[in-house]
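Shown next, in structure tokens, is the structure this report addresses.
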Amino acid sequence: MRHRVGQRKLGRVTEHRIAMLRNQAEALIRHERIETTMPKAKELRPFVERIITIAKRGLAGGETNGGTLHARRLVLRDIQNRDVVAKLFETIAPRFEARPGGYTRILRLGYRRGDSAEVAQIELVGSEYNPNAESEKTAAENKPQTKGVGGRLRAAAERLRGKGKAEGEGAEGGEGNEGAAPKKAKPARADRGKGGGRADTRGKGAKTTAPRKAGGS
């Protein structure tokens, strides 16, 4: 029977298990969400929430009594990365200032191929994961900005100014060409009669006669 067994051993010795939990806690604070197996996620939850509570108490103590410095030293025992510790005290701990525990959330993702181990995602509350965040951000950056009523009116006024300017330049060009030699007029076409569109040549040429039929008188 598993009486008085405080935690899962996870198939590791004590030193290896503590080192693994420290690394996972650092990754969770840095990225605010990680994927791991369900037993590891359940063991990581109390480990990382204890660290966040220490940071909250340090911020509540204030700098006057040295509470923040002492809390930082307690956190540095488990997380040696100073950038991650700075993020914990500057961003994450103030976020959970009014929340009495329950800083993480575990989501089941199914079973892993190969060994069929149950996979879960553990994340900090308030940093919900959006798989389409990058694509939405790119689409928002590439989307053309829509103009308001004032912008549309200004654009229409600029188009009208450009059109008036072009017409004025065309008129000036016509005045400047007045001194040039006039173009030659094209010769007028001869008037055509009604008969099939041919010109009227009656009385101007020799009279034409129809040819004789063969064998006629």
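Taken together, the values in this text are just the output of simple stated rules run on the coordinates, not laboratory data. Values in this document were obtained by computation on a predicted structure and should not be read as measured data. Neighbour counts are summed over all protein chains in view; Cβ atoms, including those assigned to glycine, are modelled from backbone coordinates with ideal geometry.
Once you reduce the stretch 79-108 and the stretch 1-42 to the center of their Cα atoms, the two points are 17 Å from each other. Among 83, 115, a tally of other beta-carbon atoms within 10 Å of each Cβ gives an order, fewest to most, of 115, 83. Annotation for the stretch 47-88: trypsin sites (Lys or Arg not before Pro) lying in DSSP loop with at most 13 further Cβ atoms inside 10 Å of their Cβ are 77. Full extension of the chain between residue 87 and residue 50 gives 11.7 nm of extra length, using 0.36 nm per residue less the Cα-Cα distance.
This ranking places 14, 36 by how few other beta-carbon atoms lie within 10 Å of each, fewest first, which gives 14, 36. Based on every Cα atom in the stretch 71-129, Rg and the maximum pairwise Cα distance Dmax equal 15.2, 43 Å. Close Lys pairs in the stretch 27-160, defined as Cα atoms under 29 Å apart and 8 or more places apart or on different chains, number 7.
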